[in-house]
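Asker: Have a look at this one.
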Amino acid sequence: MEFAYIDWLRRQTPMNPRALVGPGDDAAVLDWPAPSSCLVTTDMLMDDVDFRLDEVGPHRVGRKAMAVNLSDIAAMAGRPVAAVVAVALPRTGNTSLAEELYRGMREMADAFDTPIVGGDTNGWNGPLVISATVLGEAVGRGPVLRRGAKPGDWLLVTGPLGGSIRGKHLDFTPRVREALRLHDLVELHAMIDISDGLAADVGHICAESGCGVVLRAEDIPLSNDSRDLEQALSDGEDFELAFAVSPADGQMLLNKQPVLGITLSAIGEFVADGIWLEQASERRPMQPKGWVHEL
Ligand SMILES: [Mg+2]
């Protein structure tokens, strides 16, 4: 990293008790109380593939780069601890590009008390590429994996789905707090964040858990941006959580709606095998097709 940028970064980095050494040394030093496990996730976003810089601006790109990683920590029901970021900056950009990008990242990271403790920035004759890595810690009963759903389990989601391309894919809030609350309340058998699309991501849970699922079309909550069920099933980047719980826990969550700020919906049931869509009491097999990265 350039000297001036490191200095600037240091000045911008707030104190955090978990970050014993932040940006400026050869590596960051984190306080990591035993015996917690460390969750690690990383995601790379590229101009013209995952966003269009000239349309959305660096602030929203920075925000999203951090948010997608926080969403993956949420999907494990973990607590984010710290982040590092690597950026390839186009030489055509100016210093405000780097700063705005960083401010976007910081806004999102700060919202979840996650210090950005280090990173690397290079200039090149290519488009903007940003890769963020978030470290988190397992809490409570430990990380919630994709495997663990059982036939008979209910499938719930944390919010409405579809049409995220109209803005939500950039401006969503990762469900970190909601996941921690759910993890505290019930035994989550399996969980995923919806990045590829409901059908595809629930398909991932089924593949890892060795079971199938029936989705009930009428129960799937559609977002205001969603035109139809097809979008809710196949659009990506909703970044809501889909999870499996016992029927008793599912019923309790539906009745009590104990997670502040969201409405939980039960949208299906895990079965022995197959991926099915039930509509007007008719059940038909469904392709778990995912969202294709194109703008
Ligand atoms: Mg994920």
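Asker: Looking at H189, H183, which one is touching a Gly at 6+ places or on another chain (Cβ under 8 Å), more than 15 Å from the ligand (Cβ to nearest atom) and free of Cβ contacts under 8 Å to residues at least 60 places away in the same chain?
Answerer: After ruling out the rest, the residue left standing is H189.
Asker: May I pose another question? Taking V87, is it part of a strand (DSSP E or B) and within 22 Å of F172 (Cα to Cα)? Full working, then the answer.
Answerer: Details: part of a strand (DSSP E or B): yes; within 22 Å of F172 (Cα to Cα): yes.
Considered against the rule, which asks whether it is part of a strand (DSSP E or B) and within 22 Å of F172 (Cα to Cα), V87 comes out as yes.
Asker: Of the residues A217, A232, A244, only one is surrounded by 15 or more Cβ atoms within 10 Å (Cβ to Cβ) and either assigned by TED's automatic domain parsing to the domain that holds A67 or in contact with an Asp or Glu (Cβ under 6 Å, 6 or more places away or on another chain) (or both); which? Step through it out loud before you land on a result.
Answerer: Numbers: A217 fails: either assigned by TED's automatic domain parsing to the domain that holds A67 or in contact with an Asp or Glu (Cβ under 6 Å, 6 or more places away or on another chain) (or both); A232 fails: either assigned by TED's automatic domain parsing to the domain that holds A67 or in contact with an Asp or Glu (Cβ under 6 Å, 6 or more places away or on another chain) (or both).
So the residue among A217, A232, A244 that is surrounded by 15 or more Cβ atoms within 10 Å (Cβ to Cβ) and either assigned by TED's automatic domain parsing to the domain that holds A67 or in contact with an Asp or Glu (Cβ under 6 Å, 6 or more places away or on another chain) (or both) is A244.
Asker: Another question about this same structure. May I ask you to list the residues in the range 119-138 that are in contact with a helix residue (DSSP H, G or I) (Cβ under 7 Å, 6 or more places away or on another chain) and at pLDDT below 95?
Answerer: Listed by number, the list holds a single entry, T121.
Asker: Let me ask something else about it. Hey, could you check the range 95-129 for residues that are within 13 Å of L53 (Cβ to Cβ) and part of a loop (DSSP other than H, G, I, E, B) and say which is nearest to the ligand (Cβ to nearest atom)?
Answerer: Applying the filter and picking the extreme gives L128.
Asker: Quickly run through the range 64-84 and pick out the residues that are surrounded by fewer than 24 Cβ atoms within 10 Å (Cβ to Cβ) and part of a helix (DSSP H, G or I).
Answerer: D72
Asker: Test each condition in (1) surrounded by fewer than 19 Cβ atoms within 10 Å (Cβ to Cβ); (2) in contact (Cβ under 8 Å) with a residue 60 or more places away in the chain; (3) over 20 Å from the mean Cα position of the chain (by Cα) for R284 and report the one that comes out false.
Answerer: Among (1) surrounded by fewer than 19 Cβ atoms within 10 Å (Cβ to Cβ); (2) in contact (Cβ under 8 Å) with a residue 60 or more places away in the chain; (3) over 20 Å from the mean Cα position of the chain (by Cα), the lone unmet condition for R284 is (2).
Asker: Same structure again: Select from the range 192-209 the residues that are within 12 Å of A75 (Cα to Cα) and more than 9 Å from the ligand (Cβ to nearest atom) and list them in ascending order.
Answerer: Step one: of the range 192-209, the residues within 12 Å of A75 (Cα to Cα) are 192-195, 201, 205.
I205 - this is the single residue of the range 192-209 that is within 12 Å of A75 (Cα to Cα) and more than 9 Å from the ligand (Cβ to nearest atom).
Asker: Moving to a separate point now. Looking only at the range 1-42, count every residue that is assigned to a strand (DSSP E or B), modelled with pLDDT under 90 and crowded, with 17+ Cβ neighbours inside 10 Å and tell me the total.
Answerer: 1
Asker: When the range 145-167 is examined, which residues are found to be buried (at least 23 other Cβ atoms within 10 Å of the Cβ) and farther than 21 Å from M76 by Cβ?
Answerer: G162, S164
Asker: Could you check, for the range 20-36, whether at least one of its residues is within 18 Å of L180 (Cβ to Cβ) and in contact with an Asp or Glu (Cβ under 9 Å, 6 or more places away or on another chain)? Break it down stepwise before answering.
Answerer: Initially, the range 20-36 is screened for residues within 18 Å of L180 (Cβ to Cβ), giving 33, 36.
Adding the requirement that they be in contact with an Asp or Glu (Cβ under 9 Å, 6 or more places away or on another chain) leaves 33, 36.
Yes.
Asker: A further question follows. Taking the options A77, A132, name whichever one is under 13 Å from the mean Cα position of the chain (by Cα) and at positive phi.
Answerer: A77
Asker: Just a yes or no: is a residue in the range 47-66 within 21 Å of L30 (Cα to Cα), within 16 Å of the ligand (Cβ to nearest atom), in contact with a Pro (Cβ under 9 Å, 6 or more places away or on another chain) and not assigned by TED's automatic domain parsing to the domain that holds L241?
Answerer: First pass over the range 47-66, keeping only residues within 21 Å of L30 (Cα to Cα): 66.
After this cut, where a residue has to be within 16 Å of the ligand (Cβ to nearest atom) as well, the list is 66.
Add one more test, that the residue is in contact with a Pro (Cβ under 9 Å, 6 or more places away or on another chain), and what stays is 66.
With the extra rule that they be not assigned by TED's automatic domain parsing to the domain that holds L241, the set shrinks to 66.
Looking for residues that are within 21 Å of L30 (Cα to Cα), within 16 Å of the ligand (Cβ to nearest atom), in contact with a Pro (Cβ under 9 Å, 6 or more places away or on another chain) and not assigned by TED's automatic domain parsing to the domain that holds L241, one finds at least one in the range 47-66, hence yes.
Asker: Take the conditions among the small types (G, A, S) and within 16 Å of the ligand (Cβ to nearest atom) and apply them to A132. Does it pass?
Answerer: Yes; evaluated as a whole, the condition is true for this residue.
Asker: Residues in the range 144-161: is at least one more than 15 Å from the ligand (Cβ to nearest atom), among the hydroxyl-bearing types (S, T, Y), modelled with pLDDT of 95 or more and touching a helix residue (DSSP H, G or I) at 6+ places or on another chain (Cβ under 8 Å)?
Answerer: no
Asker: Okay, next question. Quick test of your reading of the structure: L45 fulfils all but one of (1) farther than 25 Å from F243 by Cβ; (2) assigned to a strand (DSSP E or B); (3) over 14 Å from the mean Cα position of the chain (by Cα). Name the failing condition by number.
Answerer: Of the numbered conditions (1) farther than 25 Å from F243 by Cβ; (2) assigned to a strand (DSSP E or B); (3) over 14 Å from the mean Cα position of the chain (by Cα), the odd one out for L45 is (3).
Asker: It is to be established whether one or more residues within the range 103-114 are in the same structural domain as A19 (by TED's automatic domain parsing) and of a type in the set (S, T, N, Q).
Answerer: yes
Asker: Would you mention how many residues in the range 94-118 are closer than 23 Å to D31 by Cα and either buried (at least 16 other Cβ atoms within 10 Å of the Cβ) or of a type in the set (V, I, T) (or both)?
Answerer: 11
Asker: Kindly check whether there is at least one residue in the range 226-244 that is touching a Ser or Thr at 6+ places or on another chain (Cβ under 8 Å) and away from the ligand (no atom under 16 Å from the Cβ).
Answerer: Within the range 226-244 (the criterion being touching a Ser or Thr at 6+ places or on another chain (Cβ under 8 Å) and away from the ligand (no atom under 16 Å from the Cβ)), the answer is yes, since at least one residue qualifies.
The values are calculated or read from the model by the stated rules, or taken from the named source; none is laboratory data. Note that the structure is predicted; figures quoted are calculated from it, not measured. Here the Cβ is made from the backbone with ideal geometry for all residues, glycine too, and neighbour counts use every protein chain on show.
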